[in-house]
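A.B. asks: The structure is given below, and queries will be raised subsequently.
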């Protein structure tokens, strides 16, 4: 049975029983995606006196401590608190809605004179214009799948590799278009080492001059090849951490 979602004067339909999970799972060990020199995810069994929090070890229940670095381990969503010292710049305060109309596009980066691979504004504009008429509908979210879309993205260790990033002009353009939520399959919108400039982060959040407090960036997603470009309902799920970022689970539903 289809459900409906109203947006921009239109009524869209989607199948709530057909979710497309574009998050990467968090699991212990080295075989998981990792960036910015984060330690691998770790699950520790809690031991108190004679109690052991592992059924496999004879305990009555499984009870474990999780060690995770949101910005470095797996899919995560961040708010402007990532680059701000404001005490109330936390994701639980910034992200108050969780359903958005989003547009999925696929774009390949361009190699620059210095050897860097960068997703360029012109290429994104071309992809956007081929899929949507901005005079009729502006999406709330943009889901960016970079090409080539190899499966190795799901377990790649990015630290020290200077991975693909966004042209700052692209981040500025998305802010100008009022796109509130940016999701991408890269470890960061900015260069791995840029001296702290963080130009794309600052441009997307318009920080600090006119900060877009409700805008978010979700990094390290993975969108399988069989998912076509187009409009989707995005369910952006996060944990209720009082922090600038959280592990997240973005889920798509194709809109018709």
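Since every read-out is calculated from the coordinates, none of them should be taken as a lab result. Since the structure is predicted, the reported quantities are computational estimates derived from the model, not experimental observations. For neighbour counting, all protein chains shown are included, and Cβ atoms are generated from backbone atoms with ideal geometry for every residue, glycine included.
A.B. asks: Going by Cα centres, region 3-72 and region 186-225 are how many Å apart?
C.D. replies: The two parts, judged by their Cα centres, are 23 Å apart.
A.B. asks: Next question. Given that just one value was derived from the coordinates, which of (i) 14; (ii) 21; (iii) 34 is percent of Cα pairs over 33 Å apart?
C.D. replies: (ii)
A.B. asks: Return an integer: the convex hull volume of the alpha-carbon atoms of region 39-174, in Å³ per residue.
C.D. replies: Convex hull volume per residue, Cα atoms: 209 Å³.
A.B. asks: Once you wrap a convex hull around the alpha carbon atoms of region 88-140, what is its projected area averaged over all directions, in nm²? Mind showing how you got there, number by number?
C.D. replies: Working: hull surface 24.5 nm².
Average projection, Cα convex hull of region 88-140: 6.1 nm².
A.B. asks: Using the Cα atoms of region 1-93, I'd like the radius of gyration and the largest Cα-Cα distance, Dmax, both in angstrom.
C.D. replies: 20.0, 62
A.B. asks: Highest GNM mean-square fluctuation, the chain, Cα pairs closer than 10 Å: which of 218, 161, 146?
C.D. replies: 161
A.B. asks: Per 0.36 nm of contour for each residue apart, how much would the distance between residue 93 and residue 46 grow if the chain were fully extended, relative to their Cα-Cα spacing?
C.D. replies: Working: separation 47, 0.36 × 47 = 16.92 nm, distance 3.12 nm.
So the extension gain works out to 13.8 nm.
A.B. asks: While we're here: Could you order peptides 74-85, 219-230 by the average number of other Cβ atoms within 10 Å of their residues, highest first?
C.D. replies: Going by the mean number of other Cβ atoms within 10 Å, highest first, we get 74-85, 219-230.
A.B. asks: GNM on the chain, C-alpha springs below 10 Å: top fluctuator among 33, 48, 66?
C.D. replies: Of 33, 48, 66, the most mobile in the Gaussian network model is 48.
A.B. asks: Could you list, bin by bin from short to long, the percent of Cα-Cα pairs of region 154-222 in 10 Å steps?
C.D. replies: Per 10 Å bin, starting at zero, the Cα-Cα P(r) for region 154-222 comes out as 21, 53, 24, 3 percent.
A.B. asks: Further, regarding this structure: What is the spin-label model distance, in nm, from residue 225 to residue 194 if the labels are put 7 Å beyond Cα along the C-beta direction?
C.D. replies: The modelled label-to-label distance comes out at 3.1 nm.
A.B. asks: Note the angle between two axes, namely the Cα long axis of helix 121-131 and the longest principal axis of the Cα atoms of the chain, as a number of degrees from 0 to 90, rounded to the nearest 10.
C.D. replies: On a 0 to 90 degree scale, this one is about 80.
A.B. asks: Any chance you could get the radius of gyration and Dmax over the Cα atoms of region 125-256, in Å?
C.D. replies: Looking at region 125-256, its Cα Rg and Dmax stand at 15.0, 44 Å.
A.B. asks: Something else: Say R0 is 25 Å: what FRET efficiency, to the nearest 0.05, do residue 61 and residue 27 get from their beta-carbon distance?
C.D. replies: Using R0 = 25 Å, I get an efficiency of 0.80.
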